[in-house]
Amino acid sequence: MKAKLIKWKKKLIHTLKRIKKEHLIRQYISNNKLFITYVLICVISSTILRYTTMHLLENYLSFKPILADAAIVVLVGAFGYLLKPKNRFTYYLVFTILFLAICMINSIYYTFYTSFASVSMLSLVHYIAAVGDAVVENVIQPKDLVYILGPIILILVHLKLKKTNYYKKVEVKSERKRKTFKTLIAGAVLLVLFTIRLSALDISRFAKQWNREYVVMKFGIYVYQLNDIIISVQPKLNSLFGYDKAMKEFKEYFADAKKSPENKYSNIFKNKNVLVIHAESIQTNLFDLSFNGQDVVPNLKRIASEGMFFSNFYPQVSVGTSSDSELTFTTSLLPTQSGTAFVSYFDRTYNAIPNILNDKGYFTFSMHANTADFWNRRAMYNHLGYQKFYSKSDYEVTPETTIGLGLSDKEFFKQSMTKLNDINEKYDKWYGLMIMLSNHTPFSDVEHYGNYEVNMKENITKEDGTVEEVVHPYMENKKLGNYFKSAHYADEAIGELFNELEENKLLDNTVVIIYGDHDARLSRSDYDYMYNYDKTTDSKLDSDSPDYKEYDSYQYELGRKVPFIIWTKDMKGTDLNMEVKDVMGMYDVMPTLGNMFDFYNKYQLGHDIFDIGSKNIVVFPTGNWVTNKVYYNSQKEEYLSLDGSAISEEEINKNSEYATKTINVSNNTIVYDLIERLKEEKNMLKYKEGN
């Protein structure tokens, strides 16, 4: 073995000396200028993408993703050598445009969804038209257009080479296959060098692809996109592969599932009406904000103070945003790893709140003044169990009553009162969902939000003793400031709804539940500006200023909390009037409400918060998780202690393993329609036993 190593070492030294002596590197560059330009453009572009999206300065030049991207680009480029030199330009231009299109699309996509694009989302393209202004105004940025330069550079290099008669000099026909073979070998070597540097964790997450940011960070964008194409065809192959293993894990996961023991909140709302308000893009941090003494959301603050307020409540959405929150709220399942349940898996069997309450004699309905097919709600609602869906066609929508994407929230609530009164008169018990719309990105319909000001006013005493009010622009004309205005409008609409519900005596036997569906999808830099505003210069403080307040990625992630409120008339001052500070996720809603309203779903991922309390863990679709003690970022493999205590590696590993298992079981439950398939198995078993 030692002799072989010595032999290889001597051979390597000889090769390096030969390269140096014969100037082979210089020759290679001289004879392969177009190919090298193509490779550099594609690899540099993928590196720029990692830098401008994830902002991980210590990682964007990481060797692994650069190796992976380079390997793919070189392997694809190798086949260009089979063409005549004068025809290679077209080949490399086509693939340069393709690779840079991948970068550009993902750059735009990441801005809006904080994730990377998936082929499985192609079925959702027709939904973009309804939010086109949001894409143009709130998503496309100068950083997304840098990739246009790549093809231009390649064209300029080509023209220069053509002008110098380069293509007639570089090679003869006999060299084409040899160059192709050598380039393929070079690409394979790069791929091997990349592969041997991978850890078991890297390979595991690559195979599952549910943590897209991690995959891009470790494997590069081109390998990610290739793997995504393979993963995205998974729904089409469900009946052929993986079912047995998925069913086995499903049965094991829920084998010991049972209704939580009774507590002081068990059955307290049994047989009461339920009105759920889906508060679009409302975040919990709004509750602590005011401008010039005026709260951003005074009505929600009041309602929370009178009811049961869950102040550490997290959404668990993926790319399906609002539809994901509806899924998790009503089924206690997480979003799927590819596509969205509402579009890709709408025809599955779900143990959803409406389905369960239907069996208990409730009339169940949903109200949303958008088109019925947006996010495929019309089809999905049939499988969730809603008996009636009041959509855009059931409302009168005019230009005067429109804000942003559709009917204004105030008009939506106003027109819904007649429907609610009719339902209340006709049915003894009902469960209804009202989905708000006005507070939807891009928050640009400012002239319709009212007169709420997000500036900064202060009184200055002049030398003559008189007092002058000075107004600093602060958040005016900023995206985040516009969001505050929009949220204030939505809060006013909720206040008016409560007044109308009271006037129509609809609150007497009704539990009102309010939840924010997800955060506002605004960037960390927007908050950085707000917390570091310098009124003297009307700009952001420099990071080296002694008054600068760091707003890091952990504060940003933890700041994505949304409100969850349970409210009934005359709750104020009772045992139910409380703030629940234990960490809670959207998937904990169903079991918590189930305990209060006397229903149960065996296949729920979450827990009754009043049973599990401080032991709860919230798992996010990315693989991140949070408890009362710690927030763990699976992409960075880092954690933040929330109470100052040390966290053992054993606890991190245990919770991470639980998160992975929960994500997989949830995904398989939906993808393989396991609830329905298990019913079929049981029915078949009963049939055999009966015969």
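Can you report the principal axis dimensions of the chain using only the alpha carbons, biggest first, rounded to whole angstrom?
Largest to smallest, the principal-axis extents are 100, 92, 54 Å.
³J(HN,Hα) across the stretch 365-382 via Karplus (A = 6.51, B = -1.76, C = 1.60, θ = phi - 60°), whole Hz, x for Gly/Pro?
8, 10, 10, 7, 7, 10, 4, 5, 8, 5, 6, 6, 4, 3, 6, 5, 4, 4
Too long at a 31 Å Cα-Cα cut-off: which of 661/682; 388/569; 457/569?
In this structure, 457/569 exceed 31 Å between Cα atoms.
Order these by the 10 Å Cβ neighbour count, fewest first: 231, 647, 663, 221.
Least to most surrounded, the residues fall as 647, 231, 663, 221.
Considering the options 660, 303, 203, tell which one lies farthest towards the positive end of the dipole of the chain, charges being +1 on Lys and Arg and -1 on Asp and Glu at the Cβ, about the Cα centre.
Positive-end residue among those listed: 203.
Please tell me which of these pairs span more than 23 angstrom C-alpha to C-alpha: 410/535; 84/182; 33/64?
410/535; 33/64
Using the basic label-point model (7 angstrom from Cα toward the beta carbon), what is the residue 241 to residue 378 distance in nanometres?
With each label placed 7 Å out from Cα toward Cβ, I get 3.5 nm.
So for the stretch 188-329, if I pair up every lysine 8 or more residues apart or on another chain, how many of those pairs have alpha-carbons under 19 Å apart?
9
What are the residues whose amide H is under 5 Å from the amide H of residue 438, where those residues sit 5 or more places off or on another chain and H is modelled from the backbone?
409
Using +1 at the Cβ of each Lys and Arg and -1 at the Cβ of each Asp and Glu in the chain, identify which of 415, 442, 497 lies farthest towards the dipole's positive end.
442
Grab the other residues whose beta carbon is less than 12 angstrom from that of residue 194, score K and R as +1, D and E as -1, and report the net.
My count for the surroundings of residue 194 gives +1.
From the phi angles alone, apply the Karplus equation (6.51, -1.76, 1.60; θ = phi - 60°) to the stretch 141-157 and give each ³J(HN,Hα) in whole Hz, x where the residue is Gly or Pro.
Coupling constants for the stretch 141-157: 10, x, 4, 6, 9, 4, 6, 5, 5, x, x, 5, 4, 4, 5, 5, 5 Hz.
Label the stretch 417-486 by shape, choosing from rounded, prolate and oblate, from the square roots a ≥ b ≥ c of the eigenvalues of the Cα gyration tensor; if a/c is under 1.5 it is rounded, and otherwise prolate applies when a/b is larger than b/c, oblate when it is not.
prolate
For the chain, give the magnitude of the charge dipole about the Cα centre (Cβ charges: +1 Lys/Arg, -1 Asp/Glu; no others), in debye to the nearest 20.
Computed charge dipole of the chain: roughly 6840 debye.
Taking residue 561 as the anchor, which aspartates and glutamates have their alpha carbon closer than 12 Å to its alpha carbon, excluding any fewer than eight residues away along the same chain?
Partners within reach: 517, 519.
Readers should treat all values here as calculations from the given coordinates under stated rules, not as data from a laboratory. Just so we're clear, the structure is a prediction, and the values are computed from it rather than from any experiment. We place every Cβ from the backbone using ideal geometry, glycine too, and count neighbours over all the protein chains shown.
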